[in-house]
Amino acid sequence: MNTLLTLLSWAFPLVAAAAPPPGAPLAPGKAVATAGVPVPAPVPSSNGLRKSVVSIRVSGQDWDWRAPWSKQGPWMRSYTGVVVAGPRILVTATGLGNATLVEVQKLGEEKRYPARIRLADYEGPLALVDVDDPAFFTDLVPLPLAADVPVDGEVQVLRWLGSNQFEAARANVRQVRVEDHGMSRTGVLTLDMTASISEAGRSEPVVRQGQVVGLTTSKSDDVLLAIASPMLRQFLAAAGQQPYRGFARAGVAWQKLVNPALRAHLGLGEKEGGILINKVLPHGSCAGGVEPGDVLLSVDGTRIDASGQFDHPRYGRLSFALLFSLGHLPGDRVKADILRAGTRQTVELTLRRMPGEADKVPAYVLDHAPEYVERGGLVFQALSIPYLGTFGDWRRRGPLPLLIAQDVQGSFPSADAPRLVVLTAVLPDALNLGYQDERDLIVSRVNGQPVASLEAVKAAFDGPPPASGFHIVEFAPGQSMARMVVDAAELPAASARIQELYGVN
Amino acid sequence: MLTLLLVHGLLAGAVPEDSVVRVQVYRSRPDWSVPWRQFPVDSATGSGFLVEGGYVMTNAHVVANARQVLLKRHHVADPFVARVVFQGDDCDVAVLKVEDPAFYKGMVPLRFGALPKARTKVTTYGFPLGGEEVSSTGGIVSRVEWRSYAHSGGDAHLVVQTDAAINPGNSGGPVWQDGKVVGMAFQGFLGMDNVGFFIPSPVVDHFVRDIRDGTYNGFPDAGLRTGDMISPALKRERRLPAGRSGVVVEAIQPGGTVDGILQPGDVLMAVDKDAIRDDGNVTLGDAQVPYFHTFDLKQVGEPVSMTVLRDGKEQKLTAPSRRLARGDRQRNRYNVKPRYLVHGGLVFVPLDMEYLRTLGAEWRATAPREVLWHQFMREWEKPADADREVVVLARVLKHPVNSQMTMGTGSVVATVNGHAVTGLADLAATLDENTGKYDVFQFEGSNAQEALDHAAAHAVQALIMKTYGIPKDRNL
């Protein structure tokens with residue numbers, strides 16, 4: 001028998017009381033383990049390969065998205081790179097963002113050579129590293145990149161394990177598929193392997209028969225993923241051109257068309273394939289050609305089946321995302337066959353790359369300081385995933401209005417609303433007394449002017465003083481506050497005081 | 001004997017044990033995740049006490065979904081069958097009656113006193129953890145405050161916090177001070193000792209006045225969001241005269257008491273005779289409580305007057321108190337049968353708090369964002385659309401007619417055959433009246449589509465209902 005008393009549990013905290021320290025995209029790299037790590041039996045003939053594999057040590061510092069004028073503590077990570085023609089070093093880009101110092105080591109020597117990131121494309125994610133000292137490349141031999149990758153069989157994963165200990169570990173290819181890596185949203189050709197080596201996935205080259213077939217990006221349990229060499233070759237070729245064009249991405253949300261009733265309703269035959277396009281992102285490759293509700297039947301003459309895959313002559317069924325990212329570059333024009341309102345037609349698409357900051361709510365912001373505007377202690381930032389990341393498990397813990405805005409608008413930038421402006425903090429001062437606990441409010445207007453960028457916020461505050469004598473900040477409806485008032489005459493003096501007190505510069 | 005008891009009652013108003021009863025309830029709750037199903041009967045106990053009018057008062061949550069209510073008197077062997085006469089789920093108060101006159105023999109109705117002051121002593125009576133004997137515990141009034149009522153989940157009223165032990169089973173028992181009832185024990189805090197809450201007499205009194213006309217209408221909704229006026233800049237900008245105070249109106253809910261009366265930007269300076277401070281509180285005895293309390297104590301239809309500063313000018317405005325029916329979407333529901341529609345194995349339900357809770361404790365994180373937008377933000381962003389009922393595809397009962405569909409459950413149905421869905425009944429009518437070959441659904445958020453063969457769905461409807469044990473295809 002139950003006895004009754006309704007028990008209150010704590011309300012779900014929409015706003016965390018104290019911001020957890022923002023996590024770095026990757027845990028700081030431990031210097032490669034040496035003693036105690038079981039080393040798999042070396043594969044024969046690895047001796048020559050050691051001349052093509054280098055260690056990369058990256059120091060970096062991320063910005064503090066809770067106080068965007070300042071940086072967090074520095075981090076250090078280690079990666080493996082492979083020497084390619086140039087000579088240059090090819091490496092995955094995932095952990096290179098916000099680097100402050102890049103150094104390379106070779107042949108197990110202790111000496112570190114300064115290096116520069118020549119190009120980092122986080123949508124690969126791939127990067128090229130230059131070493132200015134020509135002595136570095138003495139004794140090093142570029143490795144060729146394989147035109148094709150194996151669909152099964154054994155490969156070697158190469159890396160330096162600390163000083164003068166070279167490892168060529170075995171891995172077995174399970175599958176070739178299309179996957180995105182790290183923070184990238186672009187699906188690329190991917191080698192899916194099983195391997196028992198520990199802490200791999202830090203850009204170790206994967207080699208077969210003396211040729212690179214991939215660069216690793218992650219390992220979970222025994223599954224090791226690598227960006228396959230056709231992508232690496234395309235990246236190297238693109239890197240040789242000005243301007244760099246990157247990898248193209250479809251930029252659609254879509255669904256499978258396996259339900260016979262829906263197929264029949266759309267006017268599709270049983271066996272002709274095709275996927276239903278649900279959303280078209282305005283900055284993606286399909287924008288301007290494909291519309292929501294269209295059935296995408298083929299791209300560049302390659303038919304797409306009902307589950308969104310195409311038949312690759314060598315690798316079998318692969319996601320259609322690869323039809324955009326491999327074999328064409330952004331700027332190329334390709335034809336697509338669609339079924340629109342019962343009519344078959346061919347449209348021409350202009351391929352586009354979609355770097356993180358092209359989104360309305362940027363998926364990642366790297367290598368430059370977060371933008372912000374501070375006026376009278378009111379801190380405005382553009383909503384971004386790194387900002388949401390300050391909530392920790394932000395998909396669960398972030399403020400609901402911000403999560404909804406991110407979900408609904410985040411992928412839909414427009415010329416008149418390029419960003420979502422958020423009041424992220426109020427730095428307490430006499431000027432803003434009464435508002436010091438407010439934060440995370442989506443701003444709709446300042447001084448009557450719609451604001452969809454930080455420039456607009458700046459313009460509204462810095463323009464001619466409002467006739468009323470007050471700056472008025474209005475917030476989008478449905479949030480905990482609607483309107484904030486700041487005395488315009490007192491603002492200049494207060495700003496100097498606040499910037500001094502809180503270290504804003 | 002009778003005389004003795006009366007004397008006992010008259011002499012010792014401070015000893016109310018004989019008027020306190022144990023409430024034993026056998027209940028059957030609906031399973032909102034399988035909306036045609038009821039959970040097996042379970043039982044629970046709470047407390048209650050006799051008040052004027054022959055009513056036994058207890059908490060609404062004690063008798064919610066009751067199928068049988070038994071009252072057990074102190075030192076009387078046989079229980080008495082009672083029925084629920086009025087149940088206020090928004091304030092967690094209910095009153096019961098017993099047909100058998102023997103029940104009332106020797107019982108003295110307890111009288112209500114005023115709101116107790118902080119730091120004064122109170123005694124609770126009831127049946128914590130069940131038990132046969134009335135138990136009493138003493139404590140002090142810790143504070144008077146405004147707090148959410150957990151039974152409804154969507155209402156907040158005045159509460160009194162006490163350190164008197166209030167445990168499961170105490171629910172519905174009287175809280176006693178100076179020979180009078182000053183409240184009714186009703187909720188506690190998970191994981192916090194020495195913190196219990198009781199419903200204070202002003203809230204109980206609202207319920208008692210409400211039922212006098214034979215109908216329970218519930219508490220009104222001011223329908224108002226305001227901001228405090230701590231900011232000196234805001235005071236100047238609103239031209240609030242020195243020495244005056246109030247809150248600034250930020251948003252107004254369509255259909256609430258102040259809709260059409262107040263405007264965003266108004267400074268609400270007083271409600272009735274209660275002056276509102278800059279922090280939004282009014283003075284209530286020796287306590288400061290949010291001004292909502294003044295709106296809250298009105299009966300539906302009863303006028304409330306407001307002193308407002310608009311464009312620098314002070315005005316007095318009056319409005320009848322109104323209740324927002326759509327507020328039920330934000331509440332836990334009791335004594336109602338869940339609404340649903342089954343069509344071709346697709347189970348549709350209206351979006352409300354009961355549906356969200358079927359998604360599990362983490363529903364705020366797991367529900368699609370558009371669902372949360374409809375539930376919490378739509379009425380503020382799109383006031384004209386505030387009352388619309390949203391329909392969700394709650395589950396798919398698998399059958400070959402639907403098993404190839406790919407949409408996720410939990411999606412909001414935007415359109416059917418191009419018709420914008422305005423509610424569960426509208427969805428049912430649209431599907432019933434479809435003369436086309438397919439029922440084509442478009443979902444919000446994902447913008448995905450799915451289709452059912454209309455004739456095939458009808459043909460297998462009976463079989464699906466039989467297979468899945470569904471007595472009726474709909475409760476609209």
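Which value, in Å², gives the accessible area per residue of region A:367-489 when a 1.4 Å probe is used on the protein heavy atoms?
The answer is 37 Å² per residue.
Provide A:T190, B:T406 ordered by accessible surface of protein heavy atoms (probe 1.4 Å), highest first.
B:T406, A:T190
Could you pull out every one of the aspartates and glutamates with an alpha carbon less than 16 Å from that of A:K360, ignoring same-chain neighbours closer than 8 positions?
Cα-Cα hits under 16 Å: A:E371, A:D407, A:D416, A:E455.
State the percentage of accessible surface on the protein assembly as shown attributable to carbon and sulfur atoms; use a 1.4 Å probe and exclude ligands, DNA and RNA.
The nonpolar share, carbon plus sulfur, comes to 52 percent.
Shielding by partners for B:431-439, please: the mean number of other protein chain Cβ atoms within 10 Å of each residue's Cβ.
Taking all residues of B:431-439 together, the mean is 1.
So, in nm, how far is label A:K51 from label A:N505 when the simple model puts each one 7 Å beyond its Cα toward the Cβ?
So the label points at A:K51 and A:N505 sit 4.9 nm apart.
May I ask you to derive the FRET efficiency for A:H312 and A:V141 from their Cβ-Cβ distance with R0 = 35 Å, giving the value to the nearest 0.05?
0.65
Taking a ≥ b ≥ c as the square roots of the Cα gyration tensor eigenvalues, with a/c under 1.5 meaning rounded and otherwise prolate when a/b beats b/c, else oblate, which class fits region A:252-350?
Oblate, because a/c is 1.5 or more while a/b does not exceed b/c.
At R0 = 45 Å, how high is the FRET efficiency between B:L190 and A:D148 if r is their beta carbon distance? Nearest 0.05 is fine.
With a Förster radius of 45 Å, E is 0.15.
Using a Cα-Cα cut-off of under 30 Å, which lysines could be cross-linked to A:K106, ignoring same-chain neighbours fewer than 8 residues away?
The reachable lysines, counting only those whose Cα sits under 30 Å from A:K106, are A:K30, A:K51, A:K219.
Have a look at B:V271, B:V248, B:V401 and report the one farthest towards the positive end of the charge dipole of the protein assembly as shown, computed about the Cα centre with Cβ charges (Lys/Arg +1, Asp/Glu -1).
B:V401
Hey, can you find the accessible area per residue of region A:252-350 for me, probe 1.4 Å, expressed in square angstrom?
Heavy-atom SASA per residue in region A:252-350 reads 41 Å².
Which peptide among A:108-120, B:279-291 comes first, and what is the full order, when sorted by highest mean count of other Cβ atoms within 10 Å?
The densest-packed peptide leads the list: B:279-291, A:108-120.
Could you tell me the extents of chain B's C-alpha atoms along the three principal axes, largest first, rounded to whole Å?
Taking max minus min along each principal axis of the Cα atoms, chain B gives 80, 68, 41 Å.
Within 12 Å, Cβ to Cβ, of A:P465, how many net charges do the neighbouring residues add up to if Lys/Arg are +1 and Asp/Glu are -1?
Overall, the nearby charge balance is -3.
Please tell me the relative contact order of chain A in percent, rounded to the nearest whole number, where contacts are Cα pairs under 8 Å and at least six residues apart.
Relative contact order here is 11 percent.
Ignore the peptide's own chain and count Cβ atoms of other chains within 10 Å of each Cβ in B:374-382; give me the average, rounded.
The shielding value for this peptide is 3.
Could you work out the helix-only [θ] at 222 nm for chain A, with each DSSP H run of four or more residues adding -39,500 (n - 2.57) and the total divided by the number of residues, to the nearest 500 deg cm²/dmol?
Result for chain A, helices only: -3000 deg cm²/dmol.
Place +1 on the Cβ of every Lys and Arg and -1 on the Cβ of every Asp and Glu in region B:339-475, take the dipole about the Cα centre, and give the residue among B:F443, B:T467, B:P368 whose Cα lies farthest towards its positive end.
B:T467
What's the FRET efficiency of B:E381 with B:Y26 using the Cβ-Cβ distance as r and R₀ = 51 Å, to the nearest 0.05?
Rounded to the nearest 0.05, the efficiency is 0.70.
Would you mind computing Rg(Cα) / (2.2 N^0.38 Å) for region B:339-475, counting N as its residues?
My calculation over the Cα atoms of region B:339-475 gives 1.03.
Obtain the nm distance between the two label points defined at B:D311 and A:A85 by a simple spin-label model: each point lies 7 Å from its Cα along the Cα-to-C-beta direction.
About 7.8 nm, to one decimal.
Roughly how many nanometres apart are two label points built 7 Å out from the Cα toward the Cβ at A:R303 and B:A275?
8.3 nm
If you fit an axis through the alpha-carbon atoms of helix A:229-239 and take the longest principal axis of the Cα set of chain A, what angle between them do you get, 0 to 90°, nearest 10?
60 degrees
Based on C-alpha coordinates, I'd like the Rg and Dmax of the protein assembly as shown, in Å.
For the protein assembly as shown, the Cα radius of gyration and maximum Cα-Cα distance read 34.2, 114 Å.
For a protection proxy built on the mean count of beta-carbon atoms within 10 angstrom, sort A:164-172, B:246-254 highest first, please.
Per-residue mean Cβ counts within 10 Å order the peptides as B:246-254, A:164-172.
Could you tell me how many degrees, from 0 to 90 and to the nearest 10, lie between the Cα long axis of helix B:454-468 and the main elongation axis, the longest principal axis, of the Cα atoms of chain B?
40 degrees
Run the dipole for the protein assembly as shown about the Cα centre, Lys and Arg Cβ at +1, Asp and Glu Cβ at -1, nothing else charged, and hand back the magnitude in debye, nearest 20.
840 debye
Keeping all protein chains in place and using 1.4 angstrom, which order do B:K398, B:K97 fall into by accessible surface area, from largest down?
From most exposed to least exposed: B:K398, B:K97.
Based on Cβ point charges of +1 for Lys and Arg and -1 for Asp and Glu, what charge dipole magnitude is obtained for region B:70-114 about its Cα centre, in debye rounded to the nearest 20?
Dipole about the Cα centre, nearest 20: 260 debye.
Excluding A:R352 itself, calculate the net charge of residues whose Cβ lies under 12 Å from the Cβ of A:R352, where each Lys or Arg counts +1 and each Asp or Glu counts -1.
Around A:R352, the charge tally is +2.
Does anyone have the angle between helix A:491-502 and the longest principal axis of chain A? Alpha-carbon axes, 0 to 90°, nearest 10?
So the inclination is approximately 50 degrees.
Which one, B:V392, B:L431, B:L359, is farthest towards the positive end of the dipole of region B:339-475 when Lys and Arg carry +1 and Asp and Glu -1 on their Cβ?
B:L359
For peptide A:475-482, compute the average count of partner chain beta-carbon atoms within 10 Å of each residue's beta-carbon.
That works out to 6 on average.
Heavy-atom accessible area per residue, chain B, 1.4 Å probe: how many Å²?
Result: 41 Å² of accessible area for each residue.
Could you state the principal axis extents of the C-alpha atoms in region A:72-128, from the largest down, to the nearest angstrom?
Dimensions of region A:72-128 along the principal axes of its Cα atoms: 32, 26, 15 Å.
To the nearest 10 square angstrom, how much accessible area does B:E52 have with a 1.4 angstrom probe?
Rounded to the nearest 10, the figure is 90 Å².
Give me the lysines in straight-line cross-link reach of B:K235: C-alpha distance below 17 Å, same-chain residues under 8 apart excluded.
B:K313
When only the heavy atoms of the protein chains count and the probe is 1.4 Å, how do A:W394, B:W146 rank by accessible area, highest first?
The ordering from most to least exposed comes out as B:W146, A:W394.
Given a 1.4 Å probe and the protein chains all in place, what does the accessible area of A:M183 round to, in Å² to the nearest 10?
50 Å²
Which whole-number value in Å³ per residue fits the convex hull of the alpha carbons of chain A?
Here the figure is 229 Å³ per residue.
Ranked highest first by the average count of other Cβ atoms within 10 Å around their residues, in what order do A:234-246, B:296-308 fall?
B:296-308, A:234-246
Kindly compute the accessible surface that chains B and A hide from a 1.4 Å probe when together, both sides summed, and give it to the nearest 100 Å².
4800 Å²
Go through region A:145-159 residue by residue and turn each phi into a ³J(HN,Hα) via Karplus (6.51, -1.76, 1.60, θ = phi - 60°); whole Hz please, and just put x for glycine and proline.
Values per residue, Gly and Pro as x: 9, 5, 6, 10, 10, x, 9, 7, x, 8, 10, 10, 10, 10, 6 Hz.
The values are calculated or read from the model by the stated rules, or taken from the named source; none is laboratory data. Remember, predicted model here, so these are calculated numbers, not experimental data. Because the Cβ atoms are built from the backbone with ideal geometry, glycine has one as well, and the counts that use them run over all protein chains shown. When the accessible area is computed, the model is the full protein with side chains, heavy atoms only, and any ligands, DNA or RNA have been set aside. Shrake-Rupley method; radii C 1.70, N 1.55, O 1.52, S 1.80 Å.
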